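Visitor: There's a structure below that I have some questions on.
Computed from the coordinates by the stated procedures, all read-outs in this text should not be read as laboratory data. Bear in mind the structure is a predicted one, so any value in this text is a computation, not a measurement. Here Cβ is always computed from backbone atoms with ideal geometry, including for glycine, and neighbour counts include all displayed protein chains.
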Amino acid sequence: MRAYIVRRLLYFIPVWLGVFLLTFAIFHLRAPLTLAAVQLPQAPLDRLQAWVRNNVYHLPRCFNLPGDANIERADGRVHPELARQSLFHSQFFLSAGALLRFDLGTDRTNKPIADSLGERIGPTLSIMLPAFLLTALFSLALALLSAYLKDTALDRVLVFAAIALLSVALPAYIIGAQYVSEGWLLIAHVLRNSAVPVLTQLSLSIPFLITGSVLLEQYFGIPGMGDLLYAGLVAQDFQVIKALVYLGAFVYMLSALATDILYAALDPRIRLEAGAG
Amino acid sequence: MEWLLYNTAIGAGGARCVFALWRLRRSDRGRVLRERLSRSRAARVSLYVLAIYAAVGFVALLRFPAADGVREVTPIDLVFSLVPRERSYSAPFADTIVLAADEDASAPENQTAGVHPLGTDVSGYDVLYGVCKGCSTALLLVIGTMLVSFPLGLFLGVCAGYFGGFVDDVVQWLYTTIASIPWLLFVMAFLLVFGRSLFWICLAFGLTSWVELARLVRGETLKLREAPYVRSAKAIGLPTWRILLRHLLPNLSHVVVITFTLPASAIILAESVLTFIGIGVQAGGTSWGRMLVDSQVELVRNPPIWWVFAGASLVGILPLVLALNIAGDALRDALDPRADL
């Protein structure tokens with residue numbers, strides 16, 4: 001079991017690298033001026049160039065080659081001071097370094113994003129945790145009922161309700177698929193045997209606690225994570241969005257890890273297969 | 001003349017789909033499928049619902065030059081130009097205008113221009129018109145997403161399953177990575193950087209939704225790789241691309257059908273969410289999400305204007321998503337090779 005957990009933890013490294021590369025590709029592969037033009041439609045060139053400089057897109061993308069210091073950058077200027085910096089003073093290595101140090105950077109107003117996250121996690125959790133628990137309980141009960149009454153009118157009504165309230169539909173669906181027909185054996189048997197899909201579904205909806213709260217917080221004016229995401233989108237603050245992408249991926253990976261360990265605890269076969277492979 | 005070319009292209013695409021369905025209907029496989037599907041009335045009804053929505057969406061994609069020669073109109077515009085336009089809101093089936101106490105309700109100038117089953121919006125347009133136009137946006141989104149995600153998912157999944165080893169590792173790493181980023185966050189970041197047109201929305205959805213398909217296709221290919229016909233194809237020295245294209249891909253079609261329906265309903269719902277947050281369809285565009293967002297301010301009026309909201313959600317989104325889910329479940333059961341005949 002310990003070997004399994006260690007192996008599973010080591011798997012974090014390539015996936016985290018992938019998340020970083022993907023995020024970098026989204027935010028840094030486009031030409032800086034094109035990027036600026038998307039953010040500031042119909043702005044004159046000097047404003048676009050100012051945008052490039054404010055967002056540090058004038059740095060070299062991969063390597064800060066000494067010979068390139070006199071090239072005109074996307075902000076329309078030459079940056080001779082780059083010659084004094086190291087080879088790795090570039091967009092790629094600076095973002096990678098910041099991520100390794102868990103430095104999420106600052107937002108437009110120079111406020112550290114980590115601080116904003118700390119302030120906003122409370123309100124979000126105070127809403128999303130009860131909602132999550134209620135969803136889990138509610139959909140479990142409904143799904144058991146629906147599976148027990150399979151192919152009756154009530155089952156159809158429940159399926160209809162589940163789809164209408166699609167937020168609870170997926171967990172409900174999965175358990176609904178594990179049909180067992182006889183009496184109250186249902187709970188003992190189904191719950192145990194369907195533990196694996198239920199756990200997957202529940203743990204996969206944990207990252208949804210962040211993204212799912214966008215609508216809710218927006219609608220009711222709650223100063224939580226979703227509100228931060230929305231504000232970041234409206235202000236077109238790349239750093240905030242990037243930080244939230246990392247955070248979302250991190251939460252997802254943690255919950256996937258927890259699920260896998262729970263699986264292994266529930267079902268020894270998984271442990272053995274993984275050990276053999 | 002451009003519109004003629006455009007309509008021909010759209011028409012050819014539509015005809016191709018209809019032809020494929022017709023051929024499936026005639027084939028042995030299609031007969032078995034139909035037999036299994038006909039057991040459930042809900043499945044049959046939802047397939048008809050899907051067909052209606054697809055047809056309306058398709059018709060709304062066609063373009064014709066308008067009478068003034070500048071704008072282009074769709075057949076939906078032409079049909080609804082026959083429906084008289086109101087001055088402003090009109091409740092569903094309303095036939096009189098709300099009047100002051102001293103006005104004569106039966107006077108001809110105080111009658112509404114026509115009766116609208118779903119009411120009209122603030123500028124007097126029929127809500128049903130908006131719902132029909134929303135169909136085409138939904139159809140475009142679904143088709144556009146599939147055009148990105150199916151080739152990606154099929155290609156990577158088949159390669160991973162067939163070649164195994166290093167290729168498999170890379171593909172698995174790729175889809176684990178993409179699955180690790182909550183897709184809504186990925187889509188938001190993507191749209192923020194690339195812009196908010198329908199094209200980029202489709203691309204963003206497509207890039208996140210090939211994961212499930214690739215996973216299933218990989219598993220299925222792993223099984224098929226050892227099948228006698230694939231081994232004999234290999235033994236007689238067929239080139240690899242031919243084995244993949246002619247022998248493996250056609251036998252993966254059931255996986256494709258199974259993974260089609262759930263993403264489709266997710267895409268339709270996601271469009272509303274993105275539009276609500278302000279990075280989906282922009283103001284002035286037509287989509288169900290746009291209608292929902294616009295109807296938000298009208299819901300808090302006194303008396304509330306509820307029919308725009310009801311039209312978009314109860315006539316637009318809900319039946320389609322419901323039908324997609326039911327049809328998807330039924331197709332999955334019907335295509336399951338392990339199911340008894």
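Visitor: Going by Cα centres, segment B:134-175 and segment A:1-40 are how many Å apart?
Guide: After rounding, the separation between the Cα centres reads 19 Å.
Visitor: Find, among the trypsin sites (Lys or Arg not before Pro) in segment A:45-84, those assigned to loop by DSSP (not H, G, I, E, B) with at most 12 other beta-carbon atoms within 10 angstrom. Kindly include the intermediate steps, with their values, before the conclusion.
Guide: Values: sites: A:Arg47, A:Arg53, A:Arg61, A:Arg73, A:Arg77, A:Arg84; in loops: A:Arg61, A:Arg73, A:Arg77.
Here the trypsin sites (Lys or Arg not before Pro) that fit, given the DSSP loop and packing criteria, are A:Arg77.
Visitor: If you average 1/r over every pair of different alpha-carbon atoms in chain B and take one over that average, what Kirkwood value in Å do you get?
Guide: On the way: mean 1/r = 0.0438 Å⁻¹.
Hydrodynamic radius (Kirkwood, Cα pairs) of chain B is 22.8 Å.
Visitor: Restricting to DSSP loop positions (anything but H, G, I, E, B) with no more than 16 other Cβ atoms inside 10 Å of their own Cβ, which chymotrypsin sites (Phe, Trp or Tyr not before Pro) remain in segment B:17-107? Please list the in-between numbers first.
Guide: Values: sites: B:Phe19, B:Trp22, B:Tyr48, B:Tyr53, B:Phe58, B:Phe80, B:Tyr89, B:Phe93; in loops: B:Tyr89, B:Phe93.
Within segment B:17-107, the qualifying chymotrypsin sites (Phe, Trp or Tyr not before Pro) (loop, at most 16 other Cβ atoms within 10 Å) are B:Phe93.
Visitor: Helix-derived [θ] at 222 nm for chain B: sum -39500 (n - 2.57) over DSSP H runs of at least 4, divide by residue count, nearest 500?
Guide: Here the helix-only value at 222 nm equals -21500 deg cm²/dmol.
Visitor: At most 12 other C-beta atoms within 10 Å and a DSSP loop state: those are the exposed trypsin sites (Lys or Arg not before Pro) I care about. Give me the longest piece of chain B that has none. Write down the numbers at each step before the final one.
Guide: Working: sites that count: B:Arg39, B:Arg71, B:Arg87, B:Arg301, B:Arg338.
No qualifying site falls inside B:88-300, the longest such stretch.
Visitor: Using alpha carbons only, how many angstrom separate the centre of segment B:22-51 from the centre of segment A:89-128?
Guide: Value for the Cα centre distance between the two parts: 52 Å.
Visitor: Rounded to a whole number of µm²/s, how large is the Stokes-Einstein D of segment B:139-195 at 25 °C and 0.890 mPa s, given Rh as the Kirkwood radius over C-alpha pairs? Write out the running numbers ahead of the final one.
Guide: Values: Rh = 12.9 Å.
Translational D for this selection: 191 µm²/s.
Visitor: Which whole-percent values make up P(r) of segment B:182-341 when all C-alpha to C-alpha distances are grouped in 10 Å steps starting at zero?
Guide: So the P(r) values, bin by bin, are 9, 27, 26, 20, 11, 5, 1, 0.
Visitor: Also: What net charge do the residues around A:Val234 carry, taking every other residue with its C-beta under 14 Å from that of A:Val234, with Lys and Arg at +1 and Asp and Glu at -1? All intermediate terms of the calculation are to be shown ahead of the outcome.
Guide: Details: positive: A:Arg108, B:Arg196; negative: A:Asp107, A:Glu217, A:Asp227, A:Asp237.
After counting each charged neighbour, the total is -2.
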